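The values are calculated or read from the model by the stated rules, or taken from the named source; none is laboratory data. Everything numeric here is computed off the predicted structure, so don't read it as measured data. Cβ atoms come from the backbone with ideal geometry, glycine included; neighbour counts cover every protein chain shown. Protein only, heavy atoms only, side chains kept; ligands, DNA and RNA dropped before computing areas. Shrake-Rupley method; radii C 1.70, N 1.55, O 1.52, S 1.80 Å.
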Number of protein chains: 2
Amino acid sequence: MSKTAGIIVIGNEILSGKTRDENSLYLVRQLRDLGVDVRKISVVPDELNLISIEVREFSNSYDYVFTTGGVGPTHDDLTMEGIAGAFGHGIRRHPDLESTLRQYYQPDAIEANLRMADIPEGARLVGGKGMWFPVIAVENVYIFPGVPEILQRKFERIKEMFREAPFHLKEVFLRADEGQIAGILHRVLAAFPDLMLGSYPYFDNPVYSIKLTLESKDTAYLERAHALLLEELTRIQLNPVKV
Amino acid sequence: MSKTAGIIVIGNEILSGKTRDENSLYLVRQLRDLGVDVRKISVVPDELNLISIEVREFSNSYDYVFTTGGVGPTHDDLTMEGIAGAFGHGIRRHPDLESTLRQYYQPDAIEANLRMADIPEGARLVGGKGMWFPVIAVENVYIFPGVPEILQRKFERIKEMFREAPFHLKEVFLRADEGQIAGILHRVLAAFPDLMLGSYPYFDNPVYSIKLTLESKDTAYLERAHALLLEELTRIQLNPVKV
């Protein structure tokens, strides 16, 4: 079984369409490459109680949880309190983070600047060596900022800790109607129940109208499922197209 | 109070990073323009039980629910059964949809093609007049396909039924650090608790480093909140920049 993950995107700016969420796409692609199975993405508003509920549920449901957004110094930055609340913890000012912030803002560090050192009790600093500001984690929840460039830089630094066996993928492209092949897909899945099999229609591609994706962490299993699919397609004289 | 909405994106292809979700961004922008407050977006896999749980929870929580994806004829198209299950309904073949499909595929309509006429009991066909294939709705849940062009065409046809009083927006751009203005934002919100106030840092913009967004459906309230914000900013000699 793969490790599972959930992603929680925190921010009114996404729900009101002001900002496009780039972070969940980045994270799902990275996690897929690492062999981790992302099971859910949620986008929730900047509201303390809603953040806590979502984090608690995700933390119970998945091996890893990644949050993005809501970690700055202003009124709408509620992620730290929300995550602390999810675990029944309080917030405390972390001395290492405080001294990092004081060095950065000196001599005019004000209380609001130092607020970014206020993190949930029991939080860990991950990947701290050589990082200006480490990733903060509580239990299985990894906390990232909403600014894509910073999120990506931080994720790059710690991602190897999540790596496991990779997913293997085969794609088959067809010029056909999905209805024509629905029965075949059912039979392939009956024979290979652990296969991850997707069927996606395309209405504007001149070369193909269906993309099938076959995935497994077991290459031999994937090869056998792929062979059965091709055999079944050949039987109804439907040959894959090259793309 | 605004009407609220939730969006459920259904599809393994999004969670595995194979496909970028374009639909939730389109829908949040459209709904915002219509004056509807989107409260949550979820992306869930093609699994019957998970779809049912999410739809039931969203249907209870928001005025409107929009689903995208999972409505084709293949094994991974489970949205109709999932939504039926959410309401304890069965699936039945709708005669009008069946005859539309038979006309389209004739003379070789096969069972798998007709499966797209199988919809939850008690479902309504919305915006049917002049639409080749209407939007299917169950209770407060509106069901859309995953293909963006088709989703958009369908949404355009029915969107006026969701329109209500618009949100009004004012933006203020500053060259400052968020910590500097956190106290001011707190005071503005204390005076105008119904204001929707967002503060967003920018690290790579040459002109400004913070965008503030002020929103309300009440223009007079918005004007007064905006005036107070500018007054408070002037007091610390921080003038908005023109963009």
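Some values worked out for this structure:
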{"read-out": "Percent of C-alpha pairs per 10 Å bin, the protein assembly as shown, short to long", "value": "4, 18, 27, 24, 16, 9, 3, 0, 0"}
{"read-out": "Cα centre as origin, Lys/Arg/Asp/Glu Cβ charges: chain A dipole, Debye", "value": "660"}
{"read-out": "Per the axis that maps chain B onto chain A, nearest residue of B (Cβ criterion) and its distance in Å", "value": "B:Ser42, 3"}
{"read-out": "Long-range Cα-Cα pairs in the range A:102-166 (distance over 18 Å), rounded percent", "value": "48"}
{"read-out": "Cα-Cα separations in the range A:169-235 greater than 15 Å, expressed as whole percent", "value": "48"}
{"read-out": "At least 18 Å along the helix axis (C-alpha) and Kyte average at least 0.0, DSSP helices within chain A", "value": "A:48-61, A:178-191"}
{"read-out": "Charge dipole magnitude, Cβ of K and R +1, D and E -1 - the protein assembly as shown, Cα centre, debye nearest 20", "value": "560"}
{"read-out": "B:Glu171 accessible area, 1.4 Å probe, all protein chains in place, Å² to nearest 10", "value": "80"}
{"read-out": "Cα pair count fraction exceeding 19 Å, expressed as % - the range A:27-85", "value": "33"}
{"read-out": "18 Å Cα-Cα reach of A:Lys242 towards lysines, excluding residues that sit fewer than 8 places from it in its own chain", "value": "A:Lys170, A:Lys211"}
{"read-out": "Residue among B:Ile143, B:Ile210, B:Ile41 with the largest mean-square fluctuation in a Gaussian network model of chain B, springs linking Cα atoms under 10 Å", "value": "B:Ile210"}
{"read-out": "Per-residue average of Cβ from other chains inside 10 Å of B:198-205", "value": "5"}
{"read-out": "Other protein chain Cβ atoms within 10 Å, averaged over every residue that makes up A:1-14", "value": "2"}
{"read-out": "Rounded accessible area of A:Val243 (nearest 10 Å², 1.4 Å probe)", "value": "110"}
{"read-out": "Among B:Asp118, B:Asp77, B:Asp108, residue whose mean-square fluctuation peaks in a GNM of chain B (springs only between Cα atoms under 10 Å)", "value": "B:Asp108"}
{"read-out": "Cut-off under 5 Å, modelled amide H: who pairs with B:Val241 long-range", "value": "B:Phe173, B:Leu174, B:Arg175"}
{"read-out": "Amide proton proximity set for A:Gly122, modelled H, under 5 Å, gap of 5+", "value": "none"}
{"read-out": "Shielding by partners, peptide B:46-57 (average Cβ within 10 angstrom, other chains)", "value": "1"}
{"read-out": "Cα pair distances in the range B:118-231, grouped into 5 Å bins until the bin that holds the longest one, percent each", "value": "2, 10, 16, 13, 9, 8, 9, 11, 11, 7, 4, 1, 0"}
{"read-out": "CD proxy at 222 nm, helix term only [per DSSP H run n ≥ 4: -39500 (n - 2.57); per residue of the protein assembly as shown; nearest 500]", "value": "-11500 deg cm²/dmol"}
{"read-out": "Pairwise centroid distance, computed over Cα atoms, of the range B:188-233 with the range A:35-71, Å", "value": "27"}
{"read-out": "The range B:168-235, relative contact order in percent, only Cα pairs under 8 angstrom and at least six apart counted", "value": "43"}
{"read-out": "At 7 Å out from Cα toward Cβ: A:Ile91 inter-copy label distances (nm, ascending)", "value": "4.8"}
{"read-out": "The range A:4-162 - Debye-derived log10 I(q)/I(0), Cα point model, q = 0.09, 0.10, 0.15, 0.17 Å⁻¹", "value": "-0.27, -0.33, -0.77, -1.00"}
